[in-house]
């Protein structure tokens with residue numbers, strides 16, 4: 001059923017907490033959760049605190065921004081994680097001011113047995129374009145406390161996209177298939193092309209190999225790749241708006257299908273610039289206050305919940321403008337149409 005933006009914005013505020021939690025004690029279930037307003041996306045809505053038919057994904061939330069609460073939320077959702085574990089996060093361009101705090105990630109990684117950070121090289125020329133340059137950037141940014149696997153160092157591996165909108169397969173970093181499980185640790189923020197960068201962007205672009213997979217995901221067809229800048233937004237070199245969001249969903253689906261229940265998602269809503277961490281020191285200073293940390297086993301639900309937080313915040317006009325000017329909410333619709341997750345979710349507070 002089509003839902004107009006006007007009707008979505010009239011949806012009631014939502015603040016219910018699950019009565020039965022199961023995975024952690026009921027004292028946590030009493031934690032206060034904020035009232036949210038649904039982001040104006042057709043066909044996908046927040047149903048926390050409202051009646052709905054069928055199931056709802058669980059999205060856990062805390063407004064405490066520290067390593068201890070990052071670990072606490074992970075422990076709630078990590079029941080299916082085992083074996084060799086890759087922690088996918090954006091390690092950033094040199095001296096990036098908004099990347100996740102290294103001390104948080106160090107404690108988080110130490111908490112997960114047999115784990116290391118996983119990354120891939122970039123599509124555009126820059127500090128992380130080659131494996132050698134990427135490793136130097138990792139040192140500059142302090143990612144030296146555990147191994148960092150640059151997964152496309154030895155090329156690519158094709159993962160199928162079952163029922164994709166545009167792609168039948170995507171070239172991922174070759175080492176991705178060496179992992180039993182993946183923890184997607186995302187700094188939620190804006191993005192120059194995607195409008196916002198959540199869990200989908202982190203795996204859809206972040207898992208793809210730099211010189212092949214990322215070109216597929218961006219729909220890039222020209223023989224040479226320009227550096228980031230206005231040329232990217234001509235609508236010719238790379239498709240923009242709806243098709244780009246659908247290409248990201250195709251790529252994300254390939255990874256989610258490959259790992260099944262062995263992939264979980266944490267989004268950290270902190271220092272949310274309108275620019276991605278790939279902008280490095282040129283990223284605009286955030287104008288929206290920090291929100292907290294979210295965790296889920298459902299990629300659609302967690303990215304939807306983060307967008308709902310943005311649209312509920314009084315100081316989010318810059319980030320909302322970035323999302324809407326890029327048609328970024330189409331990421332959510334594309335994931336829904338690919339059956340990547342549940343558009344209905346319950347927001348569960350954790351102290």
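When every alpha-carbon pair in the range 175-222 is counted, what percent end up more than 15 Å apart?
Taking all Cα-Cα pairs of the range 175-222, the fraction more than 15 Å apart is 52 percent.
Using Cα centres only, tell me the gap between the range 137-167 and the range 75-112 in whole Å.
14
Go ahead and run the numbers for FRET between residue 66 and residue 166, Cβ-Cβ distance against an R0 of 51 Å, rounding to 0.05.
In this case the efficiency is close to 0.80.
Using r as the Cβ-Cβ distance of residue 317 and residue 75, and R0 as 35 Å, what FRET efficiency do you calculate, to the nearest 0.05?
Calculated value: 0.50.
Okay, which of the range 268-292 sit inside 13 Å, backbone N to the point 7 Å along the Cα-Cβ direction of residue 95?
Within reach of a label on residue 95: 280-283.
To make sure I understand, if each residue's beta carbon is the centre and we count other beta carbons within 10 Å, what order do 309, 145 fall in, fewest to most?
So the residues, fewest neighbours to most, are 145, 309.
Quote to one decimal, in nm, the extra length available between residue 325 and residue 53 on full extension: 0.36 nm per residue of separation minus the C-alpha distance between them.
Separation in residues times 0.36 nm, less the Cα-Cα distance, equals 94.6 nm.
Once the piece of chain linking residue 82 and residue 111 is laid out straight, how much longer is it, given 0.36 nm per residue of separation minus the C-alpha distance between them?
9.2 nm
Would you order 132, 93, 153 from fewest to most other beta-carbon atoms within 10 Å of each residue's own beta-carbon?
132, 153, 93
Just to verify a number: FRET efficiency for residue 257 and residue 351, C-beta to C-beta distance, R0 = 56 Å, to 0.05?
With R0 = 56 Å, the Cβ-Cβ based efficiency is 0.95.
None of the figures in this text is laboratory data; all of them are computed from the coordinates on show. Here the structure is a predicted model, which is why all the values come from computation and not from measurement. Quick reminder, even Gly has a Cβ in these numbers, built from the backbone with ideal geometry, and neighbours come from all protein chains shown.
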